[in-house]
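Just below is one structure, and these are the notes that go with it.
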Amino acid sequence: MTATVRVALGPRSYDVRVGQGLLQRAGDEIAPLLARPRVAVLTDTTVAEAHLPAFRAACAARGIAVSALALPPGEATKGWPEFARAVEWLLSERIERRDVVVALGGGVIGDLAGFAAAVLRRGVRFVQCPTSLLAQVDSSVGGKTGINAPQGKNLIGAFHQPSLVLADISALDTLPPRQVRAGYGEVVKYGLLGDAAFFEWLERHGPAMVDGDADLRAEAVRRSVQMKADIVARDETEAGERALLNLGHTFCHALEAATGYSDRLLHGEGVAVGCALAFELSARLGLCAQEEPSRVRAHLRAMGMVTDLADIPGDLPDADALLALMAQDKKVVDGRLRFVLARGIGAAFVAEDVPPEAVRAVLRDALAGR
Ligand SMILES: NC(=O)c1ccc[n+]([C@@H]2O[C@H](COP(=O)([O-])OP(=O)(O)OC[C@H]3O[C@@H](n4cnc5c(N)ncnc54)[C@H](O)[C@@H]3O)[C@@H](O)[C@H]2O)c1
Ligand SMILES: [Zn+2]
């Protein structure tokens with residue numbers, strides 16, 4: 001069974017297809033988009049080994065020629081050097097205005113390939129084939145593309161919507177368990193920010209889902225994508241509501257910076273910890289009952305997720321240093337701390353002017369628990 005979620009953006013609308021075995025049918029799915037029977041694929045070497053043969057075979061069966069460039073796996077790829085290499089490769093492959101670039105991989109490849117497509121010959125179309133849970137539920141949908149700068153993450157980029165997203169649930173079978181759990185950080189975020197019933201569903205089905213149940217995975221991806229699609233359709237460029245998708249991310253970005261964007265803390269793990277802290281802060285500010293952060297943490301624990309600062313290996317800087325890192329986050333407007341807070345599970349909102357003392361107190365207590 002394949003589900004289709006429409007991202008309704010007028011002339012830039014597109015479908016997100018969610019289901020098992022989609023890469024095996026990629027030729028049929030992509031063919032209607034093509035002006036001539038060829039595509040250029042950007043991927044990473046890990047994903048290429050596991051999934052490029054199936055993609056190639058599916059295209060070959062439809063007479064579509066495939067050329068592919070496999071970049072090194074990992075966040076370090078998302079910078080100028082590999083980006084330049086990718087764009088120059090696409091030019092050398094003579095990819096033209098009417099051609100289609102395919103991103104086959106996790107969020108790193110999706111962000112880089114999408115940005116390459118955005119600037120190549122002033123913009124060519126691209127198809128996202130997300131292979132990590134994080135990319136399927138978050139980064140492949142919504143059109144944010146880009147790379148990291150030495151000055152910070154995701155500082156160089158463009159809005160460029162894909163023409164199609166193929167989220168093949170079967171591709172997750174080769175994803176390492178830690179990466180599955182990290183992706184789950186973004187899944188649980190959707191329930192927490194706007195859908196209490198989805199959070200309850202995750203409390204019931206989350207463990208079997210991360211353990212590999214394909215039907216539950218498909219349902220979790222579909223519901224996550226539907227929520228993101230609805231929000232993006234209402235606020236494509238993050239003038240307002242789209243900021244809710246940053247629940248947990250201000251804490252997360254400070255923790256990622258503090259751990260050097262290393263394997264100590266994966267992005268989705270930081271999102272989970274960040275969501276727990278955002279609920280703690282909300283309770284502390286009297287916005288929600290203390291039961292709410294407790295319930296969030298209990299669920300993350302039950303999922304075997306990184307939940308508390310104590311779960312992050314190695315030293316962390318003190319509360320003041322973490323607060324300083326938050327102040328550098330790009331969500332800060334005019335030096336005021338802007339947070340996504342919650343009045344309860346499923347009821348997030350953007351709070352301007354959050355008192356720094358309250359944030360410092362939450363961090364201090366969380367660090368003391370280590
Ligand atoms: N554009 C957006 O809206 C958006 C949203 C969230 C995150 N992001 C970005 O996404 C990136 C993180 O994405 P990610 O977590 O997918 O990281 P990633 O692309 O680095 O993938 C994680 C690891 O899993 C491997 N992998 C991916 N799919 C696999 C599979 N099916 N089988 C085996 N291994 C597989 C990759 O090779 C990599 O080693 C970050 O750069 C983040 O900034 C972007
Ligand atoms: Zn995120």
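Below is a table of values for the structure above.
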{"item": "Residue match in the stretch 257-279 (condition: more than 22 Å from R178 (Cα to Cα) and either within 19 Å of the chain's Cα centre (by Cα) or surrounded by 17 or more Cβ atoms within 10 Å (Cβ to Cβ) (or both))", "result": "yes"}
{"item": "Positions within the stretch 34-66 being loosely packed, with under 15 Cβ neighbours inside 10 Å and more than 11 Å from ligand 1 (Cβ to nearest atom), in sequence order", "result": "A35, R36, P37, P53, A57, A60, A61, G63, A65"}
{"item": "Members of the stretch 116-126 that are surrounded by fewer than 24 Cβ atoms within 10 Å (Cβ to Cβ) and of a type outside the set (A, V, I, L, M)", "result": "R121, R122, G123, R125"}
{"item": "Those residues of the stretch 19-33 which are crowded, with 18+ Cβ neighbours inside 10 Å and closer than 16 Å to L104 by Cβ, in sequence order", "result": "L22, L23, R25, A26, G27, E29, I30"}
{"item": "Residues (among the polar types (S, T, N, Q) and more than 21 Å from V102 (Cα to Cα)) located in the stretch 155-214", "result": "Q179"}
{"item": "Near pairs, Cβ below 6 angstrom, 6+ apart or cross-chain, from the stretch 202-227 (not assigned by TED's automatic domain parsing to the domain that holds A167) to any residue that is in a loop (DSSP other than H, G, I, E, B)", "result": "G206/M303; A214/Q20; V225/V141"}
{"item": "Where I169 falls short, out of the listed (1) among the hydrophobic types (A, V, I, L, M, F, W, C); (2) buried (at least 22 other Cβ atoms within 10 Å of the Cβ); (3) not assigned by TED's automatic domain parsing to the domain that holds G27", "result": "(3)"}
{"item": "Residue within the stretch 108-119 that is of a type outside the set (A, V, I, L, M, F, W, C), part of a strand (DSSP E or B) and within 30 Å of A257 (Cα to Cα) present", "result": "no"}
{"item": "Qualifying positions in the stretch 137-150 - away from ligand 2 (no atom under 13 Å from the Cβ) and either crowded, with 24+ Cβ neighbours inside 10 Å or not small (G, A, S) (or both)", "result": "T145, I147, N148, P150"}
{"item": "Qualifying residue in the stretch 229-237 (condition: of a type in the set (D, E, K, R), outside any helix (DSSP H, G or I) and surrounded by 17 or more Cβ atoms within 10 Å (Cβ to Cβ))", "result": "yes"}
{"item": "Filter result (in a helix (DSSP H, G or I) and either within 8 Å of ligand 1 (Cβ to nearest atom) or of a type in the set (S, T, Y) (or both)) within the stretch 154-192", "result": "S170, A171, L172, D173, T174, Q179, A182, G183, Y184, E186, Y190"}
{"item": "Selected residue (criterion: surrounded by the most Cβ atoms within 10 Å (Cβ to Cβ)) from residues of the stretch 186-202 that are out of contact with any Leu (no Cβ under 8 Å at 6 or more places or on another chain) and within 18 Å of G248 (Cβ to Cβ)", "result": "Y190"}
{"item": "Top-ranked residue in the stretch 193-228 [being acidic (D, E) and part of a helix (DSSP H, G or I); ranked as nearest to the chain's Cα centre (by Cα)]", "result": "E219"}
{"item": "Candidates L325, L316, L363, filtered to the one that is outside the structural domain of P73 (by TED's automatic domain parsing), over 20 Å from the mean Cα position of the chain (by Cα) and surrounded by fewer than 19 Cβ atoms within 10 Å (Cβ to Cβ)", "result": "L325"}
{"item": "Residue list for the stretch 131-147, restricted to those being closer than 14 Å to L175 by Cα and near ligand 1 (Cβ under 7 Å from one of its atoms)", "result": "T131, S132, L134, A135"}
{"item": "Residue, nearest to ligand 1 (Cβ to nearest atom), within the stretch 238-258, restricted to residues that are at pLDDT below 95 and in a loop (DSSP other than H, G, I, E, B)", "result": "E238"}
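The values are calculated or read from the model by the stated rules, or taken from the named source; none is laboratory data. Everything numeric in this text was worked out from a predicted model, so none of it was measured. For neighbour counting, all protein chains shown are included, and Cβ atoms are generated from backbone atoms with ideal geometry for every residue, glycine included.
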